[in-house]
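Trainee: Once you've had a glance at the structure underneath, I'll fire off some questions.
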Amino acid sequence: MKLLFGLVRFVVTGFLAATLLTIARNRMVQRDPRQRRFLEGHAPDPRPDGMCRGWLDGSPIKVSWRGKQFNAAAATGINVLARQDGESTVTKYPFRTWTGPGLKDPDIEVLKIDYDLPTNPLWLRAILDEVVEVEPGLYLGKLHSRFFPGFPLSLGFFWLQSSRVESEEPVEPNAAETPADSGNVAA
């Protein structure tokens, strides 16, 4: 009987901790200056097609993620990652895309990037990215986790720039819009 009560207490404590974490992280993302820019954006039209260079800003973590390769006609894509040599790339983690209302921002239409595919690892299948165009060829993405049904967790922001934009250098967002302590994550 003690074992049962201990197990129940563990599950309830874990659920409460996860709920508090979700609320705190969602509030942090909603207060981030990039949230305002996200709300001012719109679903990309036309949808991204081809390689989009990706980056995080303000992240203390060095990531191997380099961007996403989109196939607009098939409404699919795949992530592009740097290999350990740092010079070559590999593609991993396919996704499908569609347009719909934002998960946490239902008043705007976004491009959804959904990793819930049988070929992806279980930890990734709960991830849903949402992307809006903020300037021609410049996209701001928001990363969500749907690990706990009914309690989506907003994890942070990322940027994408279409390779079809004629500029050689990416359009870096204003530093005032990218706080260093934002804890960005990208998939």
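The values are calculated or read from the model by the stated rules, or taken from the named source; none is laboratory data. All values reported here derive from a predicted model rather than from experimental measurement. Here Cβ is always computed from backbone atoms with ideal geometry, including for glycine, and neighbour counts include all displayed protein chains.
Trainee: Within the stretch 86-94, does at least one residue satisfy the condition of being aromatic (Phe, Trp, Tyr) and at pLDDT 95 or above?
Mentor: yes
Trainee: Farther than 16 Å from Met28 by Cα, of a type outside the set (D, E, K, R) and modelled with pLDDT of 95 or more: which single residue out of Val165, Val132, Val171 fits that description? Walk me through it before giving the result.
Mentor: Details: Val165 fails: modelled with pLDDT of 95 or more; Val171 fails: modelled with pLDDT of 95 or more.
Testing whether each residue is farther than 16 Å from Met28 by Cα, of a type outside the set (D, E, K, R) and modelled with pLDDT of 95 or more leaves just Val132.
Trainee: How many residues are surrounded by fewer than 16 Cβ atoms within 10 Å (Cβ to Cβ) and closer than 19 Å to Lys112 by Cα when one looks only at the stretch 39-70?
Mentor: Our first condition is that a residue be surrounded by fewer than 16 Cβ atoms within 10 Å (Cβ to Cβ); within the stretch 39-70, this holds for 39-40, 42, 45-46, 50, 53, 60-64.
With closer than 19 Å to Lys112 by Cα added as a condition, the list becomes 39-40, 42, 45-46, 50, 53.
The qualifying residues number 7.
Trainee: If we keep just the residues of the stretch 85-106 that are without any contact (Cβ under 8 Å) to a residue 12 or more places away in the chain and part of a loop (DSSP other than H, G, I, E, B), which is surrounded by the most Cβ atoms within 10 Å (Cβ to Cβ)? Don't jump to the end; show me each part of the working.
Mentor: So the first thing to find is which residues in the stretch 85-106 are without any contact (Cβ under 8 Å) to a residue 12 or more places away in the chain, and the list is 85-88, 90, 101, 106.
Filter once more, keeping what is part of a loop (DSSP other than H, G, I, E, B): 85-88, 106.
Values: Asp85: 6, Gly86: 8, Glu87: 7, Ser88: 8, Pro106: 10.
Looking at the filtered set, the residue picked out is Pro106.
Trainee: Now for a different question. Residue check: is Leu56 out of contact with any Pro (no Cβ under 6 Å at 6 or more places or on another chain) and free of Cβ contacts under 8 Å to residues at least 60 places away in the same chain?
Mentor: Numbers: out of contact with any Pro (no Cβ under 6 Å at 6 or more places or on another chain): yes; free of Cβ contacts under 8 Å to residues at least 60 places away in the same chain: no.
Spelling it out, it is not the case that Leu56 is out of contact with any Pro (no Cβ under 6 Å at 6 or more places or on another chain) and free of Cβ contacts under 8 Å to residues at least 60 places away in the same chain.
Trainee: Does the stretch 52-62 contain at least one residue that is in contact with a strand residue (DSSP E or B) (Cβ under 9 Å, 6 or more places away or on another chain), of a type in the set (Phe, Trp, Tyr), at pLDDT below 95 and under 21 Å from His144 (Cβ atoms)?
Mentor: Yes, the stretch 52-62 has at least one match.
Trainee: Does the stretch 137-148 contain any residue that is hydrophobic (A, V, I, L, M, F, W, C), in contact with a helix residue (DSSP H, G or I) (Cβ under 7 Å, 6 or more places away or on another chain), surrounded by 13 or more Cβ atoms within 10 Å (Cβ to Cβ) and under 16 Å from Arg34 (Cβ atoms)? Outline the logic, then answer.
Mentor: Keep residues of the stretch 137-148 that are hydrophobic (A, V, I, L, M, F, W, C), which gives 138, 140, 143, 147-148.
Restricting the remaining residues to those that are in contact with a helix residue (DSSP H, G or I) (Cβ under 7 Å, 6 or more places away or on another chain) gives 140, 148.
With surrounded by 13 or more Cβ atoms within 10 Å (Cβ to Cβ) added as a condition, the list becomes 140, 148.
Those left that are additionally under 16 Å from Arg34 (Cβ atoms): 140.
Yes, the stretch 137-148 contains a residue that is hydrophobic (A, V, I, L, M, F, W, C), in contact with a helix residue (DSSP H, G or I) (Cβ under 7 Å, 6 or more places away or on another chain), surrounded by 13 or more Cβ atoms within 10 Å (Cβ to Cβ) and under 16 Å from Arg34 (Cβ atoms).
Trainee: Going through the stretch 131-149 one residue at a time, which ones are in contact (Cβ under 8 Å) with a residue 40 or more places away in the chain and not in a loop (DSSP other than H, G, I, E, B)?
Mentor: Val131, Val132, Glu133, Val134, Tyr139, Leu140, Gly141, Lys142, Leu143, His144, listed by residue number.
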